[in-house]
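A.B. asks: One structure, as structure tokens, below. Some questions next.
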Amino acid sequence: MSLPPGFLDELRSRSSIAQVVGRKVMWDQRKSNQAKGDMWAPCPFHQEKTASFHVDDQKGYYYCFGCHAKGDAIGFVKETENVSFMEAVEILAREAGMQMPARDPRAQEKADKRTKLADVMEQAVQFFRLQLKTNAGAQARDYLAGRGFDAARLDRWEIGFAPEGWQNLWDHLTGKNVSEDLILGAGLAKPSNQGKKPYDTFRNRIMFPIRDARGRCIAFGGRAMDPSDNAKYLNSPETELFDKGRSLYNHGPAREAAGKGQPLIVAEGYMDVIALASAGFDAAVAPLGTAVTEPQLELMWRISPEPIIALDGDTAGLRAAMRLIDLALPMLAPEKSLRFCILPEGQDPDDLLKAKGVAEMRKLLESARPLVHLLWQRETEGKIFDSPERKAALDQALRKALARIGDVGLRNHYAHEIKGLRAELFNTNRQKRDRGAWQPRGKFQPRQVPLASTKNSLLARSADVEERVREAVILAILVAHPTLISEFLGDLETLELHGQDHRAILAGLLRHADETEPDRLRHILEAEIGAPPLEKLWSLSHVQIAPAVRAGAAEDLTRMTLAEELAKLEARRGVQREVADAVEDLEGVADEGLTWRVGQAAEALNKVGKTTLSDGLEDGEDRSAMSDYLQSLIDGEVWVKKSR
């Protein structure tokens with residue numbers, strides 16, 4: 001159903017989100033300010049004791065600082081009442097005294113048909129459940145009992161049985177005056193090619209109802225009882241109710257459990273989901289007989305920002321994980337990621353739970369690996385990088401994979417993580433060579449660890465006062481002028497800061513990049529990270545005297561100052577990275593003289609950017625000169641030492 005322009009805006013303006021949410025929560029009276037519509041409560045979507053769920057009645061939105069649930073009044077009704085978008089609109093419109101627009105006749109007809117199809121599916125659920133209790137279902141009952149299905153589990157999952165024969169369900173439904181078109185439209189029967197009556201889609205199979213997020217039965221999955229059957233598992237064909245690539249098994253209950261804090265687990269099939277949920281992992285779902293699709297990934301991310309993909313540890317499971325990496329990379333975002341739990345080879349979740357229990361499964365889930373590590377494993381496992389060509393091929397493959405990540409900030413973080421893994425791999429290989437085939441002769445012996453003077457001057461040196469000054473001014477400008485956050489978002493997402501307070505403030509700013517009111521932003525930050533970090537920031541003398549931080553500062557001045565401070569900070573750290581890379585290249589080959597010379601390079605580094613915040617030092621020129629000097633050290637000394 002399409003709504004006329006302006007209808008939703010009027011509905012939102014007439015609906016008080018504080019009243020809508022107030023039906024589900026108890027407001028924290030000490031923290032809330034009812035006069036301003038600034039309300040706080042424990043989150044209704046996950047279990048907590050503190051009031052981290054915030055409602056802004058004036059702006060009409062809610063946000064939880066714990067589970068990050070967010071939305072407007074329509075979204076809140078949709079999530080808490082487990083209804084569709086249009087049903088949520090109808091509920092709010094009725095409460096606001098607004099008349100719903102007349103439905104398009106064709107859309108109404110389509111909606112009515114879907115309702116009828118869902119009713120036919122419910123009749124089929126009851127038929128299959130009854131058949132499981134008859135003599136015809138004896139073998140199926142024995143099989144299920146062997147898999148640990150007691151009466152309670154059978155009832156919870158509404159397990160049934162489709163008996164042998166061609167028209168059992170067909171005759172049952174037509175005998176109840178269900179039209180043939182509806183039976184065929186629901187995918188419960190197929191037309192005969194020989195001019196005979198349509199025949200049942202499912203025969204001699206254990207039946208698993210598949211329900212959508214609203215709880216309607218939209219399809220079935222059937223497990224064959226005959227080992228010689230062509231398909232061990234068979235799903236309903238696609239219908240007006242069922243789109244296989246856009247559905248998840250156990251969607252509704254998993255969403256509810258994830259909202260209460262449970263991790264979302266993505267298993268391979270029905271039996272895995274049932275085993276996990278029966279063991280207390282209620283937020284478990286499964287794709288329906290195919291590899292995970294883009295729409296299914298989006299469904300998962302609506303439930304949880306970081307689903308855990310639990311796959312069998314066999315070749316097929318690993319292959320499925322690697323395919324999923326390629327699917328997910330272009331879709332990744334700061335709050336859309338995946339973790340992977342690879343089970344022991346030859347075991348699925350049901351096997352593992354029976355063999356080792358809930359504690360072992362929980363341990364594996366808690367140690368699930370981030371996507372970036374599985375990507376690294378895919379590109380490096382079983383390969384030897386003993387030549388420049390092989391190393392270059394690895395770099396090329398990784399660059400190609402990372403280029404598919406659309407979010408610039410996330411791509412930079414992936415690149416940083418890959419760089420660390422790469423350095424670890426190649427450093428390990430180099431140490432193996434040093435201990436093995438290559439043994440230098442004479443006085444010069446390569447050191448396995450850099451000299452203490454080198455480490456102190458280059459790698460272990462903490463950020464100096466000048467860097468912290470720039471960081472503080474950058475953060476203060478952003479708090480005072482939040483409209484600049486979105487403008488400099490790319491630079492801020494990759495900005496690395498010193499100190500927990502600075503990092504906490506930046507993380508909060510990035511989470512609320514759409515907030516434009518300084519007072520409102522500061523209030524949110526104080527609620528999230530506490531007041532002390534902000535009070536400490538504003539108490540700094542160099543923040544208090546910075547013109548761009550003051551209230552009423554010209555927009556051009558603040559923008560120019562922020563851009564300059566970010567550029568100088570990046571220029572300085574660019575030189576630091578080059579020094580660190582130089583030391584990494586020198587590890588294991590440097591003698592005292594070379595260490596001293598690189599130490600001199602570090603002293604030159606200290607001079608880069610050591611100016612007041614308002615001077616005009618050209619950091620780029622110093623960075624270029626330092627780069628040339630360090631490269632001359634490496635080219636002129638390292639290879640000489642190696643050749644002696």
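A.B. asks: Of the numbered conditions (1) in a helix (DSSP H, G or I); (2) closer than 30 Å to Arg399 by Cβ; (3) of a type in the set (A, V, I, L, M), Leu353 fails exactly one; give the number of that condition.
C.D. replies: The one condition Leu353 does not meet is (2).
A.B. asks: Which members of segment 148-173 meet the condition of being surrounded by 18 or more Cβ atoms within 10 Å (Cβ to Cβ) and of a type in the set (S, T, N, Q)?
C.D. replies: Of everything in segment 148-173, just one residue is surrounded by 18 or more Cβ atoms within 10 Å (Cβ to Cβ) and of a type in the set (S, T, N, Q), namely Asn168.
A.B. asks: With respect to Arg255, is the statement that it is more than 27 Å from Lys232 (Cα to Cα) and either among the charged types (D, E, K, R) or surrounded by fewer than 17 Cβ atoms within 10 Å (Cβ to Cβ) (or both) true?
C.D. replies: yes
A.B. asks: Within segment 188-203, identify whether any single residue is within 36 Å of the chain's Cα centre (by Cα), modelled with pLDDT of 90 or more and of a type in the set (A, V, I, L, M, F, W, C), and answer yes or no.
C.D. replies: The answer is no, given that none of the residues of segment 188-203 is within 36 Å of the chain's Cα centre (by Cα), modelled with pLDDT of 90 or more and of a type in the set (A, V, I, L, M, F, W, C).
A.B. asks: Could I ask something else about it? How many of the residues making up segment 78-107 are over 16 Å from Phe7 (Cβ atoms) and in contact (Cβ under 8 Å) with a residue 24 or more places away in the chain?
C.D. replies: 5
A.B. asks: Something else: Which of the residues that make up segment 309-328 are closer than 22 Å to Arg404 by Cβ and touching a strand residue (DSSP E or B) at 6+ places or on another chain (Cβ under 8 Å)?
C.D. replies: Ile309, Leu311, Leu318, Ala320, Ala321, Leu324 - these are the residues of segment 309-328 that are closer than 22 Å to Arg404 by Cβ and touching a strand residue (DSSP E or B) at 6+ places or on another chain (Cβ under 8 Å).
A.B. asks: Could you say which residue among Glu471, Glu466 is modelled with pLDDT of 60 or more and within 30 Å of the chain's Cα centre (by Cα)?
C.D. replies: That would be Glu471, the only listed residue that is modelled with pLDDT of 60 or more and within 30 Å of the chain's Cα centre (by Cα).
A.B. asks: Which condition breaks for Thr293 when tested against (1) buried (at least 19 other Cβ atoms within 10 Å of the Cβ); (2) among the β-branched types (Val, Ile, Thr); (3) closer than 30 Å to Ala415 by Cβ?
C.D. replies: Answer for Thr293: the failing condition is (1).
A.B. asks: Something else about it: Scan segment 504-519 for residues that are more than 11 Å from Val479 (Cβ to Cβ) and in a helix (DSSP H, G or I) and jot them down.
C.D. replies: Ala504, Ala507, Leu510, Arg511
A.B. asks: Give segment 374-414 a look and list any residue that's under 30 Å from Gln347 (Cα atoms) and without any contact (Cβ under 8 Å) to a residue 24 or more places away in the chain, or say none.
C.D. replies: Gln377, Glu379, Glu381, Gly382, Lys383, Ile384
A.B. asks: Just to be sure before I move on: is Gly187 surrounded by 14 or more Cβ atoms within 10 Å (Cβ to Cβ) and on the phi > 0 side of the Ramachandran plot in the structure I sent?
C.D. replies: For Gly187, the condition - surrounded by 14 or more Cβ atoms within 10 Å (Cβ to Cβ) and on the phi > 0 side of the Ramachandran plot - is met.
A.B. asks: OK, next. Being touching a residue at least 60 places away in the same chain (Cβ under 8 Å) and either outside the structural domain of Ile159 (by TED's automatic domain parsing) or part of a helix (DSSP H, G or I) (or both): is that true of Ala328 here?
C.D. replies: So Ala328 fails the test.
A.B. asks: Please state which of the following conditions Ile218 fails to meet, knowing it meets all the rest: (1) touching a Lys or Arg at 6+ places or on another chain (Cβ under 8 Å); (2) among the β-branched types (Val, Ile, Thr); (3) more than 21 Å from Asp243 (Cα to Cα).
C.D. replies: The single condition Ile218 does not satisfy is (3).
A.B. asks: May I pose another question? Does segment 289-318 hold any residues that are farther than 28 Å from Gly66 by Cα and modelled with pLDDT under 85, and which are they?
C.D. replies: If the condition is that a residue be farther than 28 Å from Gly66 by Cα and modelled with pLDDT under 85, then Gly289, Thr290, Ala291, Leu311, Asp312, Gly313, Asp314, Thr315, Ala316, Gly317, Leu318 are the ones that fit.
A.B. asks: Now for a separate question. Here are some residues: Asp272, Asp282, Asp229, Asp243. Which one is over 21 Å from Asp119 (Cβ atoms), surrounded by fewer than 16 Cβ atoms within 10 Å (Cβ to Cβ) and of a type in the set (Asp, Glu)?
C.D. replies: Going through Asp272, Asp282, Asp229, Asp243 in turn, the sole match is Asp229.
A.B. asks: Same structure again: Taking into account only those residues within segment 554-575 that are in contact with a helix residue (DSSP H, G or I) (Cβ under 6 Å, 6 or more places away or on another chain) and farther than 16 Å from His502 by Cβ, which is surrounded by the most Cβ atoms within 10 Å (Cβ to Cβ)?
C.D. replies: Restricting to residues being in contact with a helix residue (DSSP H, G or I) (Cβ under 6 Å, 6 or more places away or on another chain) and farther than 16 Å from His502 by Cβ, the top hit is Val575.
The values are calculated or read from the model by the stated rules, or taken from the named source; none is laboratory data. Model, not experiment: these values are computed from the prediction. As a convention, Cβ positions derive from the backbone with ideal geometry for all residues, glycine included, and neighbour counts pool all protein chains shown.
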